[in-house]
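So the structure is just underneath, and the comments pick up after that.
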Amino acid sequence: MRAISSVPPGRRIVSWILKGVVIVILVQTLFFKFSGAPESIYIFSTIGQEPWGRYGSGVIEAVASVLLLLPRGVIFGALLAVATMTGAIAFHLTRLGIVVHDDGGLLFVLAWIVLICAGLLVWVHRRDLPFLKSPSASL
């Protein structure tokens, strides 16, 4: 029987810390996206994706958070978070600016924190990617 995760025991603590950081940041932003907070409406109006982009990104971030809690879903949740934060950072750099609504760049910094932590999770859980598994691993 195959282990649920190929992460060595010593790295599991690091994995849980990284997952905790990503989940806390993603989940706390859901309230603002789904409640129609003025900052969220401004952001998605500026990039021409209000309201569906706001709802869609909220759903994607919620799915990523849930996947991060599932042993076999960690790699996929982390990849989803990396993709989402790459898009967020790209919009900050091209259309929104670093500072949005006088937040002092907080949203930009949080996006970078999620991107880095999720990227590290992808690295830690890289052996859980189906296309990187060796044939003997399924025995």
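Please pick out the residue among Val74, Val100, Val63, Val124 that is touching a helix residue (DSSP H, G or I) at 6+ places or on another chain (Cβ under 7 Å), farther than 23 Å from Ser15 by Cα and either at pLDDT 95 or above or surrounded by 15 or more Cβ atoms within 10 Å (Cβ to Cβ) (or both). Lay out the reasoning, then the answer.
Details: Val74 fails: farther than 23 Å from Ser15 by Cα; Val63 fails: farther than 23 Å from Ser15 by Cα; Val124 fails: farther than 23 Å from Ser15 by Cα.
The match here is Val100.
Criterion applied to Ala111, Ala83 was being in contact with a His (Cβ under 8 Å, 6 or more places away or on another chain) and either modelled with pLDDT of 95 or more or part of a helix (DSSP H, G or I) (or both), and the one residue passing it is Ala111.
Would you call Arg54 exposed (fewer than 13 other Cβ atoms within 10 Å of the Cβ), assigned to a helix (DSSP H, G or I), modelled with pLDDT of 95 or more and basic (Lys, Arg)? In short, no. Does any residue of region 93-109 turn out to be within 30 Å of Arg126 (Cα to Cα) and either in contact (Cβ under 8 Å) with a residue 12 or more places away in the chain or hydroxyl-bearing (Ser, Thr, Tyr) (or both)? Yes, because at least one residue in region 93-109 is within 30 Å of Arg126 (Cα to Cα) and either in contact (Cβ under 8 Å) with a residue 12 or more places away in the chain or hydroxyl-bearing (Ser, Thr, Tyr) (or both).
Being surrounded by 15 or more Cβ atoms within 10 Å (Cβ to Cβ) and on the phi < 0 side of the Ramachandran plot: is that true of Arg12 here? Spelling it out, it is not the case that Arg12 is surrounded by 15 or more Cβ atoms within 10 Å (Cβ to Cβ) and on the phi < 0 side of the Ramachandran plot.
The values are calculated or read from the model by the stated rules, or taken from the named source; none is laboratory data. Just so we're clear, the structure is a prediction, and the values are computed from it rather than from any experiment. Quick reminder, even Gly has a Cβ in these numbers, built from the backbone with ideal geometry, and neighbours come from all protein chains shown.
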